[in-house]
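Working notes for the structure below.
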Amino acid sequence: MVTSLRDIPGARPGPGPRRRRRPRPSAGTYRPALLSDPRAALDRGPSRRRQLFRAKRRPDVFLLVLCLGAIGLVAYVANAAWGANQVDLRLAGVADGSSLTLVTAGEIELDIRVAPATRANVTRAWVNGREVTDELEERDHGFGWRPEEQLAEGTYTIEVAVPRTFVGTSRQQRRFVVDGTAPQISAPALLDPVAIDDPVVIEGHVDPDSVLLADGERVEHDEGRFALHYDIPPAGPVALAAIDRSGNVAMSEVIVPVQHPGMRAAHVTAAAWAHDGLRQGVLDMIDEGRIDTVQLDLKDEGGEIGYDSQVPLARKIGAVKARYDLEEALEDLHGRGVSVVGRMVAFRDPILAKAAWEQGSPDWVIQTPDGDPHPSYGESFTNFAHPEVRQYNIDIALEAAAAGVDDILWDYIRRPEGSLDDMVAPGLIDPPEVAVADFLAEAFPQLRAMGVYQGASVFGIAAARPGPVAQDMPRIARQTDYVAPMVYPSLWVSGEYRVPDPVGMPREIVRASLLDFQEKVDGTGTAIFPWLQDFSFRRVYGPAEVRAQICGAAEIGIDGWLMWSPRVRYSAAGMDPGGTPSC
């Protein structure tokens with residue numbers, strides 16, 4: 001039985017008696033709630049609850065922002081303070097811990113960079129504890145400092161300090177050592193003479209912490225001990241250099257002289273060797289034991305090459321005259337047991353000078369300041385500084401060496417006589433005497449490698465007055481196995497070497513002049529074989545005068561010689577058989 005709508009499924013009751021609802025306070029109304037009514041705190045509407053929640057969060061966010069701002073400010077200030085007080089210190093030419101020579105120590109320069117510029121006025125500097133602030137030189141970026149005096153040997157500390165506002169004083173240092181003591185090289189300056197084809201060992205000692213160079217090549221050493229091995233004697237001095245860590249350099253030379261077999265020689269021109277009678281006169285002196293060497297011209301004062309040279313330039317310019325067969329002459333003379341010296345006239349060469357001038361190579365020729373060929377010897381002097389002129393002469397010498405000559409004796413390795421102001425050698429950089437010695441140094445090792453001795457004919461005045469002919473005897477002696485001074489008595493003036501009448505006193509002038517040459521080549525191991533006079537000039541010369549010259553040389557220990565007769569007719573009686581003069 002249905003008694004009410006509630007009993008009917010899905011039926012909704014109709015409106016019942018209306019209950020009076022309590023009005024809800026507006027968002028802007030505040031009504032205090034009873035403490036006993038916990039819902040009262042929640043019955044304030046949505047806006048009030050959001051306000052309560054905001055009130056709870058505000059202190060945390062504020063503190064976080066405040067902290068981050070403070071940290072950023074501190075970092076900014078610290079970074080600004082650090083950056084604003086940096087010091088960039090640079091010591092030009094030297095690094096911390098380096099070692100300097102006295103020379104480089106005098107070139108150091110301290111460069112002090114200070115930023116900002118407002119800190120520059122508080123910058124201070126010390127050298128080994130001594131304040132040098134007053135010595136600083138103001139610059140756009142800070143300061144510079146140079147030593148007011150040459151720094152002595154010792155250890156140095158340079159310190160720079162700049163006070164900074166927040167992070168303390170900035171300090172930078174440079175430490176270095178000034179070492180003016182060169183390292184030590186211990187090696188013999190002159191070895192005992194050896195054979196031209198013997199192996200050689202040069203031994204010595206150098207400071208252990210030094211780098212050792214021999215002729216520019218690095219040499220390893222064992223705690224300073226070193227040994228240089230050569231298959232044949234080195235030509236010219238071996239240049240040693242020791243360099244320490246500061247850069248100090250010690251230089252030394254070692255000369256290895258070769259033992260020349262000696263000579264008692266007669267000069268023979270190409271034309272004379274081709275002449276039956278003149279050649280026979282020379283052969284007779286050989287058979288009689290009066291001479292043991294023949295000096296045979298290869299290229300003479302006229303620029304003529306006496307044998308059939310195959311040097312291309314020689315053939316091109318017409319210098320080859322082929323007056324004799326070189327190989328045949330060598331076979332004949334060597335068969336007789338005598339040595340052959342090939343004489344090479346180098347820079348007096350009219351054939352080469354003329355060809356070079358005509359073919360557009362004037363720099364091959366010594367000139368006047370006006371650009372004309374120098375008049376010396378009829379405009380025939382070639383340029384001793386020009387590499388192609390040098391090579392031309394060396395090529396001929398090497399060709400003759402390959403054919404079998406025992407020696408190459410250079411002649412006219414000099415400049416023309418006269419004032420240097422009146423001549424020009426195109427391309428010349430060094431003084432003429434240096435260039436002349438350099439030419440010999442260029443040829444020397446090439447001839448040594450072929451087992452051929454190198455000699456140099458020099459003016460008689462070269463020992464006392466080398467300048468006028470650019471023949472510096474100590475330099476030349478270092479680049480030759482022997483020198484051949486032309487001490488002809490007829491060419492000396494009265495009073496030279498305190499000899500009142502040189503042409504009338506051949507023994508005395510030869511002895512006196514050769515004593516000077518001995519002094520100039522002392523310490524080089526270079527032999528001396530003088531050119532002696534067998535011709536008449538200002539006085540008739542014969543066997544007595546020839547013997548007198550030989551005796552003058554023998555009195556001071558010089559037993560070898562070359563005899564000069566331009567006509568190749570000799571006073572054989574003045575040359576005693578066996579080489580022992582009857583003085």
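How many residues does segment 546-582 contain that are charged (D, E, K, R) and either open to solvent by less than 40 Å² (accessible area, probe 1.4 Å) or on the phi > 0 side of the Ramachandran plot (or both)?
Summing the residues that are charged (D, E, K, R) and either open to solvent by less than 40 Å² (accessible area, probe 1.4 Å) or on the phi > 0 side of the Ramachandran plot (or both) in segment 546-582 gives 1.
Examine segment 394-415 for a residue that is open to solvent by less than 20 Å² (accessible area, probe 1.4 Å), without any contact (Cβ under 8 Å) to a residue 60 or more places away in the chain and under 16 Å from residue 351 (Cα atoms), and state whether such a residue exists.
There is no residue in segment 394-415 that is open to solvent by less than 20 Å² (accessible area, probe 1.4 Å), without any contact (Cβ under 8 Å) to a residue 60 or more places away in the chain and under 16 Å from residue 351 (Cα atoms).
Of the residues that sit in segment 142-159 and are touching a strand residue (DSSP E or B) at 6+ places or on another chain (Cβ under 6 Å) and at pLDDT below 90, which one is most open to solvent (accessible area, probe 1.4 Å)?
The extreme case among them is 146.
For segment 258-312, which residues satisfy the criterion of being in contact with an Asp or Glu (Cβ under 6 Å, 6 or more places away or on another chain), touching a residue at least 60 places away in the same chain (Cβ under 8 Å) and either open to solvent by 50 Å² or more (accessible area, probe 1.4 Å) or farther than 20 Å from residue 452 by Cα (or both)?
269, 303
Got a sec? Which of 315, 323 is closer than 30 Å to residue 388 by Cα and part of a helix (DSSP H, G or I)?
Exactly one of 315, 323 is closer than 30 Å to residue 388 by Cα and part of a helix (DSSP H, G or I), namely 315.
Is at least one residue of segment 335-356 of a type in the set (S, T, N, Q), assigned to a helix (DSSP H, G or I) and buried (at least 19 other Cβ atoms within 10 Å of the Cβ)?
No, that holds for no residue.
Would you confirm whether or not segment 366-381 contains a residue that is charged (D, E, K, R), at pLDDT 95 or above and touching a Pro at 6+ places or on another chain (Cβ under 8 Å)?
no
Could you list, in sequence order, all residues of segment 220-252 that are open to solvent by less than 80 Å² (accessible area, probe 1.4 Å), assigned to a strand (DSSP E or B) and not hydroxyl-bearing (Ser, Thr, Tyr)?
226, 227, 228, 238, 239, 240, 241, 242, 243, 249, 250
Do we find a residue being assigned to a loop (DSSP other than H, G, I, E, B), modelled with pLDDT under 90 and surrounded by fewer than 16 Cβ atoms within 10 Å (Cβ to Cβ) anywhere in segment 123-141?
yes
Yes/no per residue for (1) touching a residue at least 12 places away in the same chain (Cβ under 8 Å); (2) under 18 Å from residue 123 (Cβ atoms); (3) of a type in the set (Asp, Glu):
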{"site": "135", "(1), (2), (3)": "yes, yes, yes"}
{"site": "143", "(1), (2), (3)": "yes, yes, no"}
{"site": "149", "(1), (2), (3)": "no, no, yes"}
{"site": "152", "(1), (2), (3)": "yes, no, no"}
{"site": "157", "(1), (2), (3)": "yes, yes, no"}
{"site": "160", "(1), (2), (3)": "yes, yes, no"}
{"site": "170", "(1), (2), (3)": "yes, yes, no"}
{"site": "177", "(1), (2), (3)": "yes, no, no"}
{"site": "183", "(1), (2), (3)": "yes, no, no"}
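Out of all the residues in segment 212-219, is one or more at pLDDT 95 or above and surrounded by 20 or more Cβ atoms within 10 Å (Cβ to Cβ)?
Within segment 212-219, one or more residues are at pLDDT 95 or above and surrounded by 20 or more Cβ atoms within 10 Å (Cβ to Cβ).
Can you find a residue in segment 509-523 that is without any contact (Cβ under 8 Å) to a residue 12 or more places away in the chain and hydroxyl-bearing (Ser, Thr, Tyr)?
no
The values are calculated or read from the model by the stated rules, or taken from the named source; none is laboratory data. Everything numeric here is computed off the predicted structure, so don't read it as measured data. Here the Cβ is made from the backbone with ideal geometry for all residues, glycine too, and neighbour counts use every protein chain on show. The protein model used for the area step is the full one, side chains on, heavy atoms only, and it has no ligands, DNA or RNA in it. Shrake-Rupley method; radii C 1.70, N 1.55, O 1.52, S 1.80 Å.
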